[in-house]
């Protein structure tokens, strides 16, 4: 097996192109990649084509607002393999909210949620997923409901 070296700093690596995420980001910056983090959050995604860096994998969406977390509230099967991330917290990109509904993107799919209680349509078992309380609070602060009359 041949030796591998980090593309940014040159240090030896096991099999990866970079020592760690910091070298990956530094390499993208050195190559002229644009940092697009409108909320000042850490870089979590790098576009393989142009090196642009985002705080969420869907941070390049023209209507991207900020990332939110979605949690599974149902019962997790006892026989779930250790490697299966199906019921872990998911990071969605909020792209629309009118104070009543929120629309998010997760892994290139759109989901709609009720801002009143955080429930909605998500991955496989939609009734057992909801927007986290912390994310709901942030959504409600940013998109307050305006009642008329």
Segment residue 44-residue 82, extension gain: residue separation times 0.36 nm, minus the distance between their alpha carbons: 11.3 nm
Residue-span extension gain [residue 9 to residue 36] - 0.36 nm each, minus C-alpha spacing: 7.4 nm
What angle do you read, to the nearest 10 degrees and between 0 and 90, between the alpha-carbon axis of helix 21-30 and the longest principal axis of the chain? 80
Which value in nm describes the separation of the simple spin-label points at residue 108 and residue 60, placed 7 Å from the Cα toward the beta carbon? 1.2
Please give the FRET efficiency for residue 128 paired with residue 96, using the beta carbon to beta carbon distance and R0 = 30 Å, rounded to the nearest 0.05. 0.85
Placing each pseudo-label 7 Å from Cα in the direction of the beta carbon, residue 137 and residue 16 end up separated by a distance in nanometres of 3.2
With axes computed from alpha carbons, what is the tilt in degrees of helix 133-142 against the longest principal axis of the chain, rounded to the nearest 10 within 0 to 90? 80
Relative contact order of the chain, defined on C-alpha pairs under 8 angstrom at six or more residues apart (%): 14
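FYI, it's all coordinate maths here, none of it is from the lab. Owing to the predicted nature of the structure, the values given are computational and were not obtained by experimental measurement. Neighbour counts run over all protein chains shown; Cβ positions are idealised from the backbone, glycine included.
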